[in-house]
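The structure appears below as structure tokens.
What follows is calculated from the coordinates using simple rules that are stated; it is not laboratory data. As the structure is a prediction and not an experimental result, all values here were calculated from the model. Using ideal geometry, Cβ is built from the backbone for each residue, glycine included, and neighbour counts are taken over all protein chains shown.
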Amino acid sequence: MLETTDLRMHLDDLSEKKWTLIPIDQQLCLALHKCAITRLQMHQFRQAGLAAVQNVNDASLKIRNDEIFWLDAKAHELSDIETQTLAFLDNLRLEIKENLRVSLTEFECHFAFYDKGHYYQKHRDTTSANNKRVFSFVLYLNENWQDSDGGQLIGYEQQEVLFQIKPAIGNLILFRSDLEHEVMSTFRGRFSLTGWFRK
Ligand code: OGA
Ligand code: MN
């Protein structure tokens, strides 16, 4: 699905800049978008938890309000496209592991849906309680996304903006899980496939 030389370039970026944006086949993303919509309509999404969040003293504080569906072949029957996507991601895990010489033994991922007005405030995906996550990825599934639709992902390093990504179909952002990041309020329903390569 990705040319090896392009992938090398992306992985160099990941190791040097701590993030990279990889373009993914539109047909695959459209098919995945359909899977996600169907699962949402079948009420298979659940309110996301706060497990990955650090420094939350007040549990009632709403730092995120997306809904998620874990793509777990043991828990649910998956479609061919979903299975194919998991195979692609596992291959990406192996490529990162070999090229960056890091230990990555597994990955996990879920669909996420942010309804109008939803967001995810500044956080890191690794915490002292959950330090297995090494790299985070988000594949966006939204057609015709406009700047005015909001919902950007912003990554920070020492309070400085490191990246700002539109959740437009085909964008796959891969970044170090210890980077601080946030999802700006969206003005439109926003779908993604989000996950983590773990050590
Ligand atoms: C997350 C997250 C980013 C996005 O789920 O931890 O940061 O753009 N998602 O959806
Ligand atoms: Mn995150």
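Could you derive backbone 3J(HN,Hα) for the range 117-127 from the dihedral phi with the Karplus parameters 6.51, -1.76 and 1.60 (θ = phi - 60°), listing whole Hz in sequence and x where the residue is Gly or Pro?
Each residue's phi maps through the Karplus curve to give x, 8, 7, 9, 5, 3, 7, 10, 8, 10, 9 Hz.
Among all helices in the chain defined by DSSP H, which have a length of 20 Å or more along the axis from Cα atoms plus a Kyte-Doolittle mean of at least 0.0?
Answer set is 26-41.
Per-residue ellipticity at 222 nm for the chain, helices alone: DSSP H runs ≥ 4 residues times -39500 (n - 2.57), over residue total, nearest 500 deg cm²/dmol?
-8500 deg cm²/dmol
Give the Rg (one decimal place) followed by the Dmax (whole number) of the range 7-198, computed from C-alpha coordinates and expressed in Å.
Over the range 7-198's Cα set, Rg and Dmax evaluate to 15.7, 43 Å.
Going by how many other Cβ atoms sit within 10 Å of their own, how do Asp25, Asp147 line up, fewest first?
Ordered from fewest to most neighbouring Cβ atoms within 10 Å, Asp25, Asp147 come out as Asp147, Asp25.
Fewest Cβ neighbours within 10 Å first, please rank Val138, Val161 accordingly.
Lowest to highest Cβ neighbour count: Val161, Val138.
What aspartates and glutamates does Lys74 reach when the alpha-carbon gap must be under 18 Å and sequence neighbours fewer than 8 apart in one chain are set aside?
Within the straight-line limit of under 18 Å, Lys74 reaches these aspartates and glutamates: Glu82, Asp90, Glu106, Glu108.
Show the residues, 5+ positions off or on another chain, whose built amide H is closer than 5 Å to the amide H of Phe135.
It is Ser177, Phe197, by chain and number.
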